[in-house]
1. Restricted to segment 77-123, and to residues that are among the polar types (S, T, N, Q) and at pLDDT below 75, which residue is surrounded by the most Cβ atoms within 10 Å (Cβ to Cβ)?
2. Can you give me the number of residues within segment 205-254 that are of a type outside the set (Val, Ile, Thr), over 30 Å from PRO9 (Cα atoms) and in a loop (DSSP other than H, G, I, E, B)?
3. From (1) surrounded by fewer than 15 Cβ atoms within 10 Å (Cβ to Cβ); (2) in a helix (DSSP H, G or I); (3) not small (Gly, Ala, Ser), pick out the condition that doesn't hold for LEU54.
4. Go through segment 194-243 residue by residue and tally those that are surrounded by fewer than 17 Cβ atoms within 10 Å (Cβ to Cβ), of a type in the set (A, V, I, L, M, F, W, C), out of contact with any Gly (no Cβ under 9 Å at 6 or more places or on another chain) and under 21 Å from LEU89 (Cα atoms).
Amino acid sequence: MGIWHKYAPVAYLAVFVGVCGHASSEFVSVLSGVKGPELSVWRFLLGGFGLVILALIFPASRNLLAPFREYGLRLVWLSLLGVTTGYLLFHWSLDFATVPQVATVVTTIPILVGLVNLWLNKQPFTAAKIITGSSATVGVALLITDGYLAKLAGAGQNLIGILMILACAAVIAAYTVMVRPIIGKYGALRITAVTMFMGAVGLWFLVGVVWKIWVNPFTLFDRPPQQSAALLTIALWNTTITQFLWIGGLAASN
């Protein structure tokens with residue numbers, strides 16, 4: 001976290017790379033051939049485990065139990081909110097909305113982070129954030145509805161997907177703001193690893209109970225090579241690397 005606080009451009013670059021990782025995950029999801037809730041479990045079980053391994057490599061983040069002495073219950077419910085709920089909605093929305101729509105709407109998360117930060121922490125928007133945020137919002141609306149407004153109005157499933165991804169964006173934005181103080185004390189890598197892995201366990205249990213799909217990560221390489229490669233890509237690039245840069249960068253730049 002220190003380098004991101006000292007050099008603001010590094011934090012913004014981290015957020016940008018995080019946005020790219022989020023925006024590309026929808027396309028990798030389609031390549032995997034695994035649908036909605038089940039895909040969310042594969043992604044975060046493997047990606048969350050990758051974050052734990054990454055945290056254990058660096059001495060400063062190696063003690064994963066330390067944050068629980070002070071923030072135990074808070075870490076649990078933030079994991080259930082931001083990961084279990086947020087990313088269940090994220091991948092499930094792809095069963096209803098188109099990939100470009102999901103990829104576009106999810107880029108509104110930084111805007112929603114600013115709104116949640118204003119509400120919870122009373123931190124006002126700067127002029128630059130107001131201008132860029134307004135422009136981005138207009139751009140998102142145009143991209144989603146361009147040439148399809150009439151069709152969109154009558155496509156019930158499509159609208160369900162849009163509402164789901166908007167809910168996902170709001171939940172992840174709230175998680176990002178509320179986890180920021182803990183990240184400030186214990187570091188982005190350690191807290192991201194802890195919350196992502198706990199949220200993945202929550203996802204595994206929820207999808208198992210509700211959808212009767214009990215994912216076994218040890219069967220990863222029993223699948224066709226293209227599917228295994230897509231699942232590893234969405235786990236390592238779109239989760240392990242992207243989530244660390246996304247959450248750490250947003251926490252440092254806001």
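The values are calculated or read from the model by the stated rules, or taken from the named source; none is laboratory data. Source: prediction; values computed, not measured. All Cβ positions, glycine included, derive from the backbone under ideal geometry; neighbour counts span all protein chains shown.
1. GLN101
2. Going through segment 205-254 one residue at a time, the tally reaches 5.
3. Going through the list (1) surrounded by fewer than 15 Cβ atoms within 10 Å (Cβ to Cβ); (2) in a helix (DSSP H, G or I); (3) not small (Gly, Ala, Ser), LEU54 breaks only (1).
4. Of the residues in segment 194-243, 4 are surrounded by fewer than 17 Cβ atoms within 10 Å (Cβ to Cβ), of a type in the set (A, V, I, L, M, F, W, C), out of contact with any Gly (no Cβ under 9 Å at 6 or more places or on another chain) and under 21 Å from LEU89 (Cα atoms).
Rundown of residues vs (1) assigned to a helix (DSSP H, G or I); (2) of a type outside the set (Asp, Glu); (3) touching a strand residue (DSSP E or B) at 6+ places or on another chain (Cβ under 9 Å); (4) without any contact (Cβ under 8 Å) to a residue 12 or more places away in the chain, yes/no style:
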| site | (1), (2), (3), (4) |
| --- | --- |
| GLU38 | yes, no, no, no |
| ARG43 | yes, yes, no, no |
| LEU46 | yes, yes, no, no |
| GLY50 | yes, yes, no, no |
| PRO67 | yes, yes, no, no |
| GLY72 | yes, yes, no, yes |
| VAL76 | yes, yes, no, no |
